[in-house]
Amino acid sequence: MIDTSLDYNGKIVCVVGGSAGIGNATAQAFRKCGAEVHVTGTRADHSEYKMEDGSDFAGLTYHQLDAADDGAIIALRQKFEKLDVLICSQGMVMYKRAEFEPENFAKVIQVNLNSLMTCAGQFHDLLKEAQGSLIIISSTAAFHATVGNPAYNASKTGAMGLTRTLGKAWAPDGIRVNGIAPGLIATKMTKVTTEHPKRREATIRSIPVGRIGDPDDMAGLSLFLCSPLASYIVGQTIIADGGLLL
């Protein structure tokens, strides 16, 4: 009989990019389901983050990490002897067409795409031992143009392809790799839209469910995808956008 619980007691979870927004909400969701949860952020200490920006470190173990630094990711791996779930939620975006500059394009690609493969590769052995799950956070930008953000778009499209390929490559190892493509979610990164009245109203009108998403909406999807309920789902990037792309 299928295990229908979302019990993560005894499980160890690491959320790269778990200092705020979707990553932080996901970390707290796993903690509330019993897991020991580790999160990373770019700042020296978690006290440098603000609760109003979507950062809650209650019950979490914090590690400073620059996801653009492969060496730092390798060092992070050495802190773990066991890992059941790896969530790759790191990401950045540059506005005002800054991503059209080659150096900025490369920086966004490094954080949003290249670091995903570094994280996956470094933790592969532990995930194989645990018969665990890897979740890659992409974006609905993988399915449409984002005219002002070529690097963000390319990286999120690449993340979807990486999810598909690792899903097929690592399923024989007992690792289930899946992804989530959030639509517009109210986070610090999206304040350019969510705190701009006209943009916000126009966006809400285009979302069939009639609201902007919340980080908790994405957290629940990660809990599902890493659970026995999703044991036959591999290599998929699940769109969670309130119907925006329909």
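The values are calculated or read from the model by the stated rules, or taken from the named source; none is laboratory data. These numbers come from a predicted model, not from an experiment. For neighbour counting, all protein chains shown are included, and Cβ atoms are generated from backbone atoms with ideal geometry for every residue, glycine included. Just so you know, the surface numbers come from the protein's heavy atoms only, side chains and all, with ligands and any DNA or RNA stripped out. Shrake-Rupley method; radii C 1.70, N 1.55, O 1.52, S 1.80 Å.
Relative to the longest principal axis of the chain, what angle (0 to 90°, nearest 10) does the C-alpha long axis of helix 115-130 take? For helix 115-130, the angle is close to 30 degrees. Between THR61 and GLU81, the distance separating the two model label sites (each 7 Å from Cα on the Cα→Cβ line) works out to 1.1 nm. Taking every Cα-Cα distance in region 20-98 and sorting them into 10 Å bins from zero, the calculated P(r) comes out as 16, 50, 29, 5, 0 percent.
Separation of region 1-41 from region 68-108 is 19 Å, based on Cα centroids.
Structural size metrics of region 1-148, computed from C-alpha coordinates, are Rg and Dmax of 16.0, 55 Å.
Computed from phi, the 3J(HN,Hα) profile of region 4-13 under the Karplus parametrisation 6.51, -1.76, 1.60 (θ = phi - 60°) reads 9, 7, 10, 8, 10, 4, x, 9, 10, 10 Hz, with x in place of Gly and Pro. Enter the Cα centre distance for the pair region 143-190 and region 195-209, rounded to the nearest angstrom. Measuring centre to centre over Cα atoms gives 23 Å. Quick one: pull the percent of accessible area on region 118-246 belonging to carbon and sulfur, 1.4 Å probe, ligands and nucleic acids left out. Ligands and nucleic acids excluded, carbon and sulfur reach 56 percent. Considering only SER47, SER89, SER19, the mean-square fluctuation computed in a Gaussian network model of the chain, springs between alpha carbons under 10 angstrom, is largest for SER47. For region 195-218, the residues whose amide N sits under 15 Å from a probe point set 7 Å from the Cα of LYS50 along the beta carbon direction are 195. At the residue level, MET117 shows approximately 90 square angstrom of accessible surface with a 1.4 angstrom probe and all protein chains present. For the residue pairs LYS32/LYS168; LYS79/LYS156; LYS11/LYS156; LYS168/LYS191; LYS107/LYS188; LYS32/LYS198, alpha carbon separations beyond 26 Å are given by LYS32/LYS168; LYS79/LYS156; LYS11/LYS156; LYS168/LYS191; LYS32/LYS198.
Once each of the GluC sites (Glu not before Pro) sitting in a DSSP loop with at most 16 other beta-carbon atoms within 10 Å is removed, the chain keeps 82-194 as its longest stretch. Ranking ARG164, ARG200, ARG176 from most to least accessible surface, computed with a 1.4 Å probe over the protein chains only, gives ARG164, ARG200, ARG176. For the chain, the per residue solvent-accessible surface stands at 47 Å², with DNA, RNA and ligands left out and a 1.4 Å probe.
Karplus-based coupling profile of region 236-246, in residue order and whole Hz: 9, 10, 7, 6, 10, 9, x, x, 4, 8, 5, with θ = phi - 60° in 6.51 cos²θ - 1.76 cosθ + 1.60 and x standing for Gly or Pro.
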